[in-house]
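Rule-based calculations on the coordinates, nothing more; no lab input. From a predicted model like this one, the values you see are computed outputs, not experimental measurements. As a convention, Cβ positions derive from the backbone with ideal geometry for all residues, glycine included, and neighbour counts pool all protein chains shown.
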Amino acid sequence: MDSIKQKFLEKATPVAAEVKSIIKEHGNFVMGEYTLAQVYQGMKGITGLVTETSKLDAEEGIRFRGYSIPEIREKFPKAPNGTEPLPEGVFYLMLIGEIPTEEDVRTLSNELARRSIVPKHVFDVLDSLPAATHPMTQFSIAVMAMQTESLFAAAYRKGVSKKEYWDYTYEDSMNLIARLPRIAAYIYRRKYKNNEHIEPDHKLDWAANLAHMMGYEDFDVKRLMRLYMTIHADHEGGNVSAHTTHLVGSALSDPYLSFAAGMNGLAGPLHGLANQEVIIWIMNMREELGGGLPTKEQIAAFIQKTLSEGKVVPGYGHAVLRKTDPRFTAQQNFYKKYIKDQGKSNDLCEIVQMVYEVAPPILEATGKIKNPWPNVDAHSGALLMHFDIKEFEFYTVLFGVSRALGVLASLCWDRAIGHPIERPGSTTTELIKKKIGITA
Ligand code: CMX
């Protein structure tokens with residue numbers, strides 16, 4: 001058994017026993033009440049899931065096992081000469097519950113490199129798709145094609161005991177995480193770089209290897225990729241990609257099926273696809289204004305126009321957050337420190353900053369948008385554009401590679417704790433009317 005798996009077993013076994021006893025002793029404890037509006041409006045604010053890996057605070061933003069993004073950027077192991085945390089370390093934290101040492105992260109990086117060979121038929125499936133297929137569709141199809149490799153599915157077919165589920169979930173999850181950068185890079189190079197592919201370099205860490213296989217050797221791109229893969233990794237359990245992965249996994253669909261389902265949710269424009277929508281929105285604005293840097297008045301007018309056309313302003317708002325997303329702030333800092341302060345100002349990043357100064361009061365004035373502040377997607381595309389990664393339809397795939405870290409760590413915990421199949425109740429409008437006494 002690899003040392004990380006051994007540590008996971010040691011951590012998860014007592015927690016699983018404790019959860020059983022909590023349910024037995026306190027199962028009738030009342031967690032809260034909910035309203036009719038919550039039932040109709042996406043169950044927001046109803047705590048109906050347990051996700052061990054991270055918790056989102058409306059004011060402070062995400063905390064991975066208690067650690068905020070600034071704390072992780074400061075305290076976590078970095079690549080040699082690196083300044084941003086290695087995302088492997090965040091995965092370790094979510095899986096094991098402890099800050100990893102440099103040695104732990106090295107072990108994990110090596111373990112992922114060992115598992116990273118993608119079977120040939122996955123590339124064959126990708127090669128058979130029309131080049132115009134959206135990269136997120138390709139990503140999901142590639143994960144599904146790789147389901148042939150599921151050790152969980154094979155073990156289940158052989159009748160493995162439920163006590164062993166966690167083991168095969170761990171194996172599938174680690175293999176998936178190890179292989180996703182290669183798959184993402186293959187999609188990128190096939191669609192945008194003449195189908196010319198770059199072999200992995202196993203001396204590199206997980207995120208830097210992704211940049212390398214995409215064709216970017218610049219130190220700053222690798223630095224950005226480490227930050228990007230860290231900040232997108234998890235956002236507690238109720239967001240669409242995490243919740244879908246958990247829900248599908250609760251039917252004992254293996255990690256490949258579960259993760260692909262989660263990725264289909266991430267591909268929605270109100271979720272992960274918002275990162276491409278932000279760039280399209282800014283480009284449309286610039287085109288309408290004839291290029292160059294818009295004024296704040298012009299940005300304000302474009303926001304008003306977007307709203308009056310019944311569309312959302314992408315990159316703004318959130319179902320839980322009620323402040324500027326710290327993942328946005330981390331990217332702002334990155335732009336300032338490693339780009340602007342180096343004398344390399346970037347128009348798109350400047351526009352992102354201007355939109356940040358203009359949009360919140362306008363969105364707030366609508367009286368209905370609960371969070372007028374930017375989320376992670378408001379900034380990420382502009383940074384990628386700065387480093388010449390201009391193929392914005394690909395951006396959500398990068399989000400997806402990162403999100404695998406959180407949702408698959410969670411899936412390991414789901415199977416270790418033995419969470420049952422998820423099956424909330426539903427009702428009808430007719431029955432609701434009866435319940436509240438509307439007769440007409
Ligand atoms: N622009 C315009 N209208 C917005 C808005 C925005 N950025 N954010 C919310 N609204 C609207 C909603 O569409 C809703 O309108 P209706 O009442 O007409 O249906 C109203 O304001 C209330 O919505 P809310 O309760 O504030 O927000 P929700 O929890 O329903 O939705 C979110 C959250 C993120 C989907 C929404 O803010 C949005 O659509 N934002 C733009 C898309 C985006 O950036 N998504 C990425 C989120 C982060 C991620 O998952 O990657």
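Summary table below
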{"quantity": "Ranked by how many other beta carbons lie within 10 Å on average, peptides 353-362, 375-384 from highest", "calculated": "375-384, 353-362"}
{"quantity": "FRET efficiency, Lys337 to Val160 (Cβ-Cβ, R0 56 Å, nearest 0.05)", "calculated": "0.65"}
{"quantity": "For Thr244, Thr53, Thr101, order by how many other beta-carbon atoms lie within 10 Å, fewest first", "calculated": "Thr101, Thr244, Thr53"}
{"quantity": "Shape of region 288-440, Cα gyration tensor, a/c cut at 1.5", "calculated": "oblate"}
{"quantity": "Gaussian network model of the chain, Cα within-10 Å springs - most flexible of Leu293, Leu266, Leu408", "calculated": "Leu293"}
{"quantity": "Proxy reagent accessibility, fewest Cβ within 10 Å first, across Ser150, Ser258, Ser426, Ser345", "calculated": "Ser426, Ser345, Ser150, Ser258"}
{"quantity": "Cα Rg over Rh - region 194-322, Kirkwood", "calculated": "1.05"}
{"quantity": "q = 0.06, 0.09, 0.11 Å⁻¹: log10 I(q)/I(0) that the Debye formula gives for the chain, counting C-alpha atoms only", "calculated": "-0.26, -0.59, -0.88"}
{"quantity": "Dipole in debye (nearest 20) - the chain, about Cα centre, beta carbon charges: Lys, Arg +1; Asp, Glu -1", "calculated": "720 debye"}
{"quantity": "Whole-number Å³ per residue for the convex hull built on Cα positions in region 173-217", "calculated": "61 Å³"}
{"quantity": "Cα-derived Rg to Rh of region 122-212, Kirkwood definition", "calculated": "1.05"}
{"quantity": "Whichever aspartates and glutamates have a C-alpha closer than 12 Å to that of Lys158, once near sequence neighbours (fewer than 8 apart) are set aside", "calculated": "none"}
{"quantity": "Other-chain or far-sequence residues with amide H under 5 Å of Asp57's (modelled H)", "calculated": "Ile62, Arg63"}
{"quantity": "Share of alpha-carbon pairs per 5 Å distance bin for region 48-191, given as whole %", "calculated": "2, 8, 15, 14, 16, 17, 15, 9, 3, 0"}
{"quantity": "Region 74-142 versus region 398-425: alpha-carbon centroid distance in Å", "calculated": "17 Å"}
{"quantity": "Ellipsoid semi-axes in whole angstrom, largest first, where each is sqrt(5λ) of the Cα gyration tensor of region 179-250", "calculated": "26, 16, 10"}
{"quantity": "Pairs of Cα atoms farther than 26 Å apart, region 253-374, %", "calculated": "27 percent"}
{"quantity": "Kirkwood hydrodynamic radius over Cα pairs of region 275-326, then Stokes diffusion coefficient at 20 °C and 1.002 mPa s, in µm²/s", "calculated": "176 µm²/s"}
{"quantity": "Relative contact order for the chain, counting Cα pairs under 8 Å that sit 6 or more residues apart, in percent", "calculated": "22 percent"}
{"quantity": "Along each principal axis, Cα extent of region 1-132, largest first, Å", "calculated": "49, 44, 33"}
{"quantity": "Rg/Rh (Cα only; Kirkwood hydrodynamic radius) as it applies to region 346-419", "calculated": "1.15"}
{"quantity": "Proximal charge balance of Ile417 [Cβ under 10 Å; K/R count +1, D/E count -1]", "calculated": "-1"}
{"quantity": "Arg157, Arg106 arranged by Cβ crowding within 10 Å, fewest neighbours leading", "calculated": "Arg157, Arg106"}
{"quantity": "Local electrostatic count at Ser161 - Lys and Arg +1, Asp and Glu -1, tallied over other residues with Cβ under 14 Å", "calculated": "+3"}
{"quantity": "Residue-averaged 222 nm ellipticity for the chain, from DSSP H runs of 4+ at -39500 (n - 2.57), nearest 500", "calculated": "-18500 deg cm²/dmol"}
